[in-house]
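A quick write-up on the structure given underneath.
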Amino acid sequence: MSNTILEIKNLRTEFLMPNKRHLVAVRDSSLHVDAGEIVGIVGESGCGKSITAYSVLRIVPEPGRITAGEILFRGEDLLGKGPEELREIRGKEITLICQDPLSSLNPVYDIFWHFNEIFTAHGVQKSHAEKIEQIVGLLGTVGIVQPERKLHQYPHQFSGGMRQRVVIAMAMLLQPKLIIADEPTTALDVTTQRAIFDLLGGLRDKLGISMIVISHDLYLIAEQCDRMYVMYGGEIMESGRASDVFNHPLHPYSAGLMDSIPSLSFHQEHLNGIKGEFSSVFEENPKGCCFAGRCDRVGEECLLTRPEMREIEEGRFVRCLKA
Amino acid sequence: MIRYIVRRLFYGLITIWIISVVIFSIIHMLPGDPIQLMFGKTPNPERIAIVRSFYGLDKPVISQYGLWLANILRGNFGVSIVSGQLVTELVLPRISSTLLLTFAGLLFSICIAFPSGIAAAVHHNTWKDLSLTSISLILISIPEFWIGIVYMMVFSVWLGILPTSGYVSISESLVGFARIVFLPALTVASVQAAQTTRMVRTNILEIMRLDYITLMRSFGVKEKRLLNVHVFKNVLIPVLTQIGMQAGALMGGVIIIERVFTYPGLGLLMMRALQDRDYPVLQACIMVFALVYVVFNLIVDILYCVINPKIRY
Amino acid sequence: MSESMNQPIHDPILSIKNLTVVYKDTLFSLKKSRFSRPAVDGVSLDVPHRGTIGIVGESGCGKSTIAKSILMMTEPCGGEILFNGTGLDSWRRNRLAYYSKVQMIWQDPFSSINPKMRIQEIISRPLHNFFHLSSDEIAQRLHATIRKVGLTEDHLVMYPHELSGGGRQRVTIARALISEPILLIADEPTSALDVSIQAQILNLLKELKQDMALSMVFISHNISVVEFLCDSICVMYMGRIVESAPREVLVKDHRHWYTTLLFESLPNGPRPKERKFKVDLGELAVCEKGCSFAPRCIRAEKLCFESSPDLVEIGPDHFCACHFHA
Amino acid sequence: MKIDRKIDRKIKKYINNKKFLIGSCMLLVMVVLSLFAPLITGYGYDETFVGPALEPPSKDYWFGTDRLGRDMFTRVIYGTRISLISALTITSICFAIGVLLGLLAGYYGGVIDMFVMRVVDIFFSLPWVLIGLLVVVIRGPGLLSVVISLSLAYFPSFTRITRSVVLSVREQDFVIAARLTGESNANIIFRYILPNCFSALIVQASIIMSFAILGEAALSYLGYGIRPPEPSWGVLLQQSTNYMWDNSYLVILPGLFIVFTVLSFNFMGDGLRDLLDPRYKRAYE
């Protein structure tokens, strides 16, 4: 496809622990993002969704390492790039929005400084007045009232929602092609979450920026995204158009996830969730499906063969032997 | 910010006040009457009584304390029992020499500690880090007085390039003073630098892991700039606090080092006063040390305010 | 003491009347006091015997303060709380008896149990403190309780760090239930858990509520969770109840604009929905005199900024504090 | 079985930490030396003229002999006893006082906290040499003076650490939960709060051990601490300084011995910090 912005092929990210054990955080995962598309990754904690995002920007925290796969950004492999080339892509072409807005701004510098750092990092030559004008405009767009007065305030003077807006404005500054939002609203209230997503959706419509949105909230991803990926235990379990996955989940994990959330449209007496808990031990080469222990459709073959990603219909993939 | 500094100032004053009470009561609890000591073995009761009232020692304790405190506040620390000189005259020149030594040591240590702490953090888990941390670990395990002696042996005895003792005041000859102060300051700096290096290193590593650094890295800020600008100012906050807290230990080190090098500072004066039971001098020295500590911490607090916007606003 | 313990169960089991809580600045606090706004401002609610009341609201709306007041961890400035017909002031003299009847579950299963104690000790401590039981009886009740919450004997000798979040939350539930309380306060018990674990815990709470004849106050920011578990729901905003109604009524026919906003804000899957609200918070302004929601309300008129609406009954058991609830 | 394996894993964790392993081995050497001092050397520590005076190190006199012909090695390893015992005493006293005050200040807060912290600040602000000096002024030099003055100088660090841990632990839900399960204040302090302070305190204790050794040596060196003929390290160095021009070994070898001992505690402290301090653990989670 010519309009594919980002394509991840068979990514594998491992953590080399001090006791020589390897924890595989992301295994054999492929995903792609088209121009102007919002792609969602949904999964529970420890499923590797954030590490996937960090892998794209190659900022996986120590001692993590990308050990296999390709990350193609507009056809170029990011894994083959040197640190300087990579640095120029970060912040200019691909940007990140972190999970916790309270800790994502440097407490000892003011708001203007944060924006200015991005200008400096990418060698943008502009006069001070021009910079201020652009930043004020941007802050206005993300819904900050009286931005020119806020410019020289410090992060601790802002509420969580406001800080997240500042981060979004920073992510927008150099008009990137792709924004990765890692649980952008988890730490925020419901109404603030709605406001932030209205903002993000609006930006996509206006500027055509592609986005990867990561969340544990299936409803949110289904509502906000065009396509979605469901991750479990470091693997992508299912992918397809958001409405398809939501309305007709193929993988027992996606189905169970769906049943775990109480619905408001009718009152339930019991939630048909998923039994058991995810054990965070990542084996290097697991035998069988990593969901087998919690699956109610599990068969003997599930414990013996590791399922591969299969295309069920066009653009609809599932990693399950039984689907 | 002003609230904060006023509060710290208030705490500092309380500290000084309580120290004054402690010193006063200790000196009054002491066995051995200093006045009697003055007169040796043949006491003359009448003269003792005269001297006693001259020093105000015949009044009730509270009013003695009031008198004493009022005198101190006026800068009058009394007269040395041994030499009969004004205590202020004895103490004042010593203050400057001790302060010069302390700040020379501190400056040395900061100049060594920050680069090496940063280097250790940057090359985290490599041989550079390992050797820097090992050196600093060894240095903090060395007694200050012993490292002073070793320096003296190396530089003065074996190499013979620096004097072992003696004193040249800074106004007489800058070079002469520098030659005198170099070894003591180096000794102060060695231990201090080792501690600060470790502090800088751990704090950098800690802050490097925080979200806001990751975020700025994801925006393409250069690693060097992340370290020198983004991390650095945040590192200063805890490091300054800890340097401030160690001021007491630092001055303790200075006192010993003055003894090792027979450097004519407050510490040496204080020890001599202790030997001679020259209490007015002793009191004055201790008060000056307490004052220096409080002022030192006040400076740290002000710097802290300048760096940390959370307090400034 | 034995009198109050052996009293027949009073209905409503818990009754909060006009509760007001204001947090005072501590004497030497550095911060200047910005808000003198009460954390809880004249809240009244009743928890019927075996009933479950849900309290919904965003952070800082005072819902946790209500939990703290019920558990005597803050001193209310005004109003009173009656448990089983007796005011908390008299219960204060007999805390142990009170806590054996009223227990709590916390939000964060990682910080709400002592990491240095074995699970069996964590769960059985209340028995040691509340009752004089023989060690056999304690062991018996311990085993009965852990079975109820879905833990096994193997868990008993473990330390908390060997358990996952869901397992820990089961431990806190066991600790709360071992003294067989009649009222359980749950302060966001599932918001720190993964969705699949949340479902398990919610099912568990629902079963336990039935089996043990529990009354419950369930506090959450998540309406769908509250809807699943509770019989009636109170919506709080800035320290006040703005709407309260039985579950079905609140879901189908909410009248307060803040409740509407909460429902509108919920992500609802891929079904596109016509939205009444465009949420834009701007800065959260505080309205001094009038309705505290007025600065964010699309229906706000002059009246809303001038006088604060009272909570009035607009249907059977349906209360709403809005000038324009119709 | 299961528990055995758990303990096994715990021991292995400690052995795997190189700093802790090195530190404890070094300390073990020192402890063995001081315990079996009479077996290791044939000389008494105060036996004069076992050899010629001021003899450089040799096969018979490993560290040489001093002015009175006493074997320096014997004196140094007997000095280890004094040093370790006094350091241990000082650390225990500091631990007891410091932790108790820290618990009180942190748990009860308010006026108690204000008062305790002022006192602690004052002891913290006085240089430890000064405290030593004041104690010597009152009760003359000696081992007890060293113990008193260094205890006064170092207990504040325990108080500060305990207090700060208590303040953070106190706000955690499990302490509030404990109150709801009917625990008394004493139970909350000793069963809930104290066990959670321990890891920080153990690290601090090993650091204070090293400080106490250094402090004892320094005070004895200044003549405020242990007096000759007791072979404290400070005393040895004090006596040796006069000979540093011609007999540098008298200064260097005992000094290295001190460094070795202190280093063992610092290594252990660092290792323990890596093992116990939650801030370090987080790096791998």
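The values are calculated or read from the model by the stated rules, or taken from the named source; none is laboratory data. As the structure is a prediction and not an experimental result, all values here were calculated from the model. Positions of Cβ are backbone-derived with ideal geometry, glycine not excepted, and every protein chain shown enters the neighbour counts. All accessible areas refer to the heavy atoms of the entire protein, side chains included, with ligands and DNA or RNA removed. Shrake-Rupley method; radii C 1.70, N 1.55, O 1.52, S 1.80 Å.
Of the residues making up the stretch C:243-265, those that are of a type in the set (A, V, I, L, M), crowded, with 22+ Cβ neighbours inside 10 Å and in contact with a strand residue (DSSP E or B) (Cβ under 6 Å, 6 or more places away or on another chain) are C:Ala245, C:Leu250. Within the stretch B:297-313, the residues that satisfy the criterion of being within 14 Å of chain A (Cβ to nearest Cβ) and either within 19 Å of B:Val21 (Cβ to Cβ) or not aliphatic (A, V, I, L, M) (or both) are B:Tyr304, B:Cys305, B:Asn308, B:Pro309, B:Lys310, B:Arg312, B:Tyr313. Could we say that D:Val235 is under 28 Å from D:Asp66 (Cβ atoms) and crowded, with 20+ Cβ neighbours inside 10 Å here? Yes. Inside the stretch A:82-101, residues that are among the small types (Gly, Ala, Ser) and more than 8 Å from chain B (Cβ to nearest Cβ) make up a count of 1. Of the residues screened, B:Ser131 is not one that is modelled with pLDDT of 90 or more, open to solvent by less than 40 Å² (accessible area, probe 1.4 Å), closer than 21 Å to B:Arg198 by Cβ and polar (S, T, N, Q).
Restricting the search to helices (runs of 4 or more DSSP H) fully inside the stretch A:206-291 and requiring at least 3 residues that are open to solvent by less than 10 Å² (accessible area, probe 1.4 Å) gives A:218-224, A:252-260.
Those strands (runs of 3 or more DSSP E) of the stretch A:1-72 in which at least 2 residues are open to solvent by 60 Å² or more (accessible area, probe 1.4 Å), considering only elements entirely within it, cover A:4-16. Taking the stretch D:1-113 as the region of interest, the helices (runs of 4 or more DSSP H) fully inside it that hold 2 or more residues being open to solvent by less than 30 Å² (accessible area, probe 1.4 Å) and farther than 23 Å from D:Phe260 by Cα are D:72-108.
Out of C:Val242, C:Val225, one residue alone is in contact (Cβ under 8 Å) with a residue 12 or more places away in the chain and either under 29 Å from C:Ser196 (Cβ atoms) or of a type in the set (S, T, N, Q) (or both). It is C:Val225.
Condition first: within 9 Å of chain D (Cβ to nearest Cβ) and either without any contact (Cβ under 8 Å) to a residue 24 or more places away in the chain or within 26 Å of B:Ser96 (Cα to Cα) (or both). Now tell me which residues in the stretch B:139-181 satisfy that. Within the stretch B:139-181, B:Ser141, B:Pro143, B:Glu144, B:Phe145, B:Trp146, B:Ile147, B:Ile149, B:Val150, B:Met152, B:Met153, B:Val157, B:Trp158 meet the criteria. Of the residues examined, C:Ser124 is not one that is closer than 27 Å to C:Ile55 by Cα, touching a helix residue (DSSP H, G or I) at 6+ places or on another chain (Cβ under 6 Å) and within 10 Å of chain D (Cβ to nearest Cβ).
Exactly one residue among D:Ala205, D:Ala186 is surrounded by fewer than 20 Cβ atoms within 10 Å (Cβ to Cβ) and either of a type in the set (A, V, I, L, M) or at positive phi (or both), and that residue is D:Ala186. Of all residues in the stretch A:292-322, those that are over 25 Å from the mean Cα position of the chain (by Cα), within 30 Å of A:Phe15 (Cβ to Cβ), in a loop (DSSP other than H, G, I, E, B) and touching a residue at least 12 places away in the same chain (Cβ under 8 Å) total 4.
Within the stretch C:83-121, being of a type in the set (Ser, Thr, Tyr) and within 8 Å of chain D (Cβ to nearest Cβ) holds for C:Tyr99, C:Ser100, C:Ser111, C:Ser112. Looking across the stretch B:271-296, just one residue is crowded, with 24+ Cβ neighbours inside 10 Å, at the interface with chain D (Cβ under 9 Å from one of its Cβ atoms) and in contact with a Lys or Arg (Cβ under 9 Å, 6 or more places away or on another chain), and that is B:Cys285. Looking at D:Arg191, D:Arg227, just one residue is part of a helix (DSSP H, G or I) and open to solvent by 30 Å² or more (accessible area, probe 1.4 Å), and that residue is D:Arg191. Counting only helices (runs of 4 or more DSSP H) wholly contained in the stretch C:151-218, the ones carrying 2 or more residues that are surrounded by 24 or more Cβ atoms within 10 Å (Cβ to Cβ) occupy C:165-177, C:195-211. Within the stretch C:304-323, the residues that satisfy the criterion of being over 11 Å from C:Arg240 (Cβ atoms) and either open to solvent by less than 80 Å² (accessible area, probe 1.4 Å) or in a loop (DSSP other than H, G, I, E, B) (or both) are C:Cys304, C:Ser307, C:Val312, C:Ile314, C:Gly315, C:Pro316, C:Asp317, C:His318, C:Phe319, C:Cys320, C:Cys322, C:His323. Filtered by the rule that a residue be open to solvent by 10 Å² or more (accessible area, probe 1.4 Å) and at pLDDT 85 or above, the stretch A:179-189 gives a lone residue, A:Glu183.
Any residue at all in the stretch A:165-175 that's touching a residue at least 40 places away in the same chain (Cβ under 8 Å) and in contact with a Cys (Cβ under 9 Å, 6 or more places away or on another chain)? Yes: one or more hits.
Of the residues making up the stretch A:191-214, none is of a type outside the set (A, V, I, L, M), touching a residue at least 40 places away in the same chain (Cβ under 8 Å), within 14 Å of chain C (Cβ to nearest Cβ) and under 19 Å from C:Ala192 (Cα atoms). Condition first: of a type in the set (Ser, Thr, Tyr) and at pLDDT 85 or above. Can you find one or more residues in the stretch B:267-287 that meet it? Taking every residue of the stretch B:267-287 in turn, none turns out to be of a type in the set (Ser, Thr, Tyr) and at pLDDT 85 or above.
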